[in-house]
Amino acid sequence: MSTVRPFRAIRPLPSLSQRMACLPYDVMSRAEAAQMAVDNPYSFLRVIRADAFLPDDIDEHDPRVYRAGAEQLHSFISEGALQFDTNDSLYIYRQIMDGHTQTGVVGCVSVDEYNNGEIKRHELTLKAKEEDRICHFDACDTSTEPIFLTYRAHEKIDKIIEQWTTTYEPDDDVELSDALQVRHQLWRIDDPDTIACLRRAFQQVDSLYIADGHHRSASTAAVCEKRKASAGTTPGDDPEYHYMMAVIFADHNLKIMDYNRIISDLNSLTPSDFISMIKEAGFEVSSAITDPSTRVFAPKKPHSFGMYLDGKWYEVLAHLDDKNMTTQERLDVSILQNKILTPLLRVGDPRTDSRIRCVGGVRGLQYLADEVDRQGDGVAFSMYPVSINEIMAIADEGKIMPPKSTWFEPKLVSGLFLHALYDPRTCQT
């Protein structure tokens, strides 16, 4: 059973939605954030990346950064640029990018269900990143960005979403001016009967899964637990900080892109020696038939890898008896790391080894070739994307996906909906 609760979202004035909406805090550098909002006093980056608008000598984790973000948020609310909705609602959120559409429900999910594992995870978190968002959410007293969840599709939920979005026009309809040009639409569901139907349907969903945003999940839960510990509870008490804001997409909606690898050198091997060693390790290596329009090679099936080496694309096929392998070991990222990168090139953990770069497929495969050519050495591998079923299977087993193996696109928008961790009926900033 999955709990999805309506809430009174904090949302921008309709006339300011386009200016307020922005990319998530963690997909850009400090300098990029400053540039994106340089002529826009209403950019939500001024809340979630407040460091970009402070002097350069102030560290991004300085307490002044978190205070500045909170002050900007409260300023937006006090001047009316951001406003609380009039009653508890659920929301429908749609993203459209390059012909792909994904539509989900925005609501609050239970911190208790996160803590006891009913909301399932597949990644480890880094303490430093976790602490950063704890400080941010705590200072703002608000979940400023949602968690990205998925679930095995449920027919009733699909029907409610379809009926509402075909009956009503979206409340917000914005397009970010970045290179991807993603369109973001939001519908508010304030009809009590429809909300009740959605909540009952989600109660029939066995589990929710974190697709993206493990750090935001851990940080929001930590802030909520801190409030629970300090405030205590009374019978019937159900405060806002018992919940965290999420966008919840059915699994069939999601698009997972390839997450590719660039290695800076061949560990003193010649290209021909490296190819020979790959073959000796049990792989088939052949000249790749590249796409005539792009001149790159994208694998079309699992256990197939593209390899850009010495100015040429190859296809590398793994012929493995995987019957006795674990779900994790069967993943292409694991096969590449465990059979080629670590034993042949001595490349370690993708999160920490400076010789490897993991590159989201949104950059395109030509980027891989260009970077290897620029380096004058090394190799790049194009990957077949991991599937949502593989992610769910590993989460169901209580296991962890290999590092840098999932790249979801498009990213969730920030600034169109927020969740106050206090009761807006009794305490508005």
Complete set of residues in segment 407-429 that are among the polar types (S, T, N, Q) and buried (at least 21 other Cβ atoms within 10 Å of the Cβ): SER414
The one condition in (1) assigned to a helix (DSSP H, G or I); (2) touching a His at 6+ places or on another chain (Cβ under 9 Å); (3) crowded, with 17+ Cβ neighbours inside 10 Å that MET244 fails to fulfil: (1)
Subset of segment 242-271 [of a type in the set (Ser, Thr, Tyr), in contact (Cβ under 8 Å) with a residue 24 or more places away in the chain and out of contact with any Asp or Glu (no Cβ under 9 Å at 6 or more places or on another chain)]: TYR243, TYR259
Flag for LEU180 being at pLDDT below 95, touching a strand residue (DSSP E or B) at 6+ places or on another chain (Cβ under 9 Å), surrounded by fewer than 16 Cβ atoms within 10 Å (Cβ to Cβ) and of a type outside the set (Gly, Ala, Ser): yes
Selection count where residues are in a helix (DSSP H, G or I), crowded, with 16+ Cβ neighbours inside 10 Å and modelled with pLDDT of 95 or more, scope segment 351-387: 5
Subset of segment 90-104 [surrounded by 22 or more Cβ atoms within 10 Å (Cβ to Cβ) and either of a type in the set (A, V, I, L, M) or farther than 14 Å from ASP158 by Cα (or both)]: LEU90, ILE92, GLN95
Single match in ILE161, ILE157, ILE189 (criterion: surrounded by 15 or more Cβ atoms within 10 Å (Cβ to Cβ), modelled with pLDDT of 95 or more, touching a helix residue (DSSP H, G or I) at 6+ places or on another chain (Cβ under 9 Å) and closer than 28 Å to GLU123 by Cα): ILE157
Residues of segment 118-147 satisfying the condition of being open to solvent by less than 20 Å² (accessible area, probe 1.4 Å), within 23 Å of GLN83 (Cα to Cα) and in contact with a Leu (Cβ under 8 Å, 6 or more places away or on another chain): PHE137, CYS140, THR142, SER143, THR144, GLU145, PRO146
Boolean, ILE262 is modelled with pLDDT of 95 or more, assigned to a strand (DSSP E or B) and either open to solvent by 30 Å² or more (accessible area, probe 1.4 Å) or out of contact with any Phe, Trp or Tyr (no Cβ under 7 Å at 6 or more places or on another chain) (or both): yes
Residue count, segment 12-34 (criterion: farther than 22 Å from TYR66 by Cβ and open to solvent by 30 Å² or more (accessible area, probe 1.4 Å)): 5
Strands (runs of 3 or more DSSP E) contained entirely in segment 283-347, each with at least 2 residues that are of a type in the set (Ser, Thr, Tyr) and free of Cβ contacts under 8 Å to residues at least 40 places away in the same chain: 283-287
Subset of segment 77-100 (residues that are free of Cβ contacts under 8 Å to residues at least 40 places away in the same chain and either of a type in the set (Val, Ile, Thr) or closer than 25 Å to VAL38 by Cβ (or both)): GLU79
Selection within segment 1-53 - without any contact (Cβ under 8 Å) to a residue 24 or more places away in the chain, in a loop (DSSP other than H, G, I, E, B) and among the aliphatic types (A, V, I, L, M): MET28, ALA37, VAL38
Test: LYS300 is more than 26 Å from ASP212 (Cα to Cα), more than 23 Å from the chain's Cα centre (by Cα) and surrounded by fewer than 17 Cβ atoms within 10 Å (Cβ to Cβ): no
Residue that is farther than 21 Å from LYS404 by Cβ and open to solvent by less than 30 Å² (accessible area, probe 1.4 Å), where the choices are ILE275, ILE340: ILE275
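The values are calculated or read from the model by the stated rules, or taken from the named source; none is laboratory data. Source: prediction; values computed, not measured. Note that each Cβ is placed from the backbone with ideal geometry, even for glycine, and that neighbours are counted across all protein chains shown. Just the protein is used for accessible areas: all its heavy atoms, side chains included, with ligands, DNA and RNA removed. Shrake-Rupley method; radii C 1.70, N 1.55, O 1.52, S 1.80 Å.
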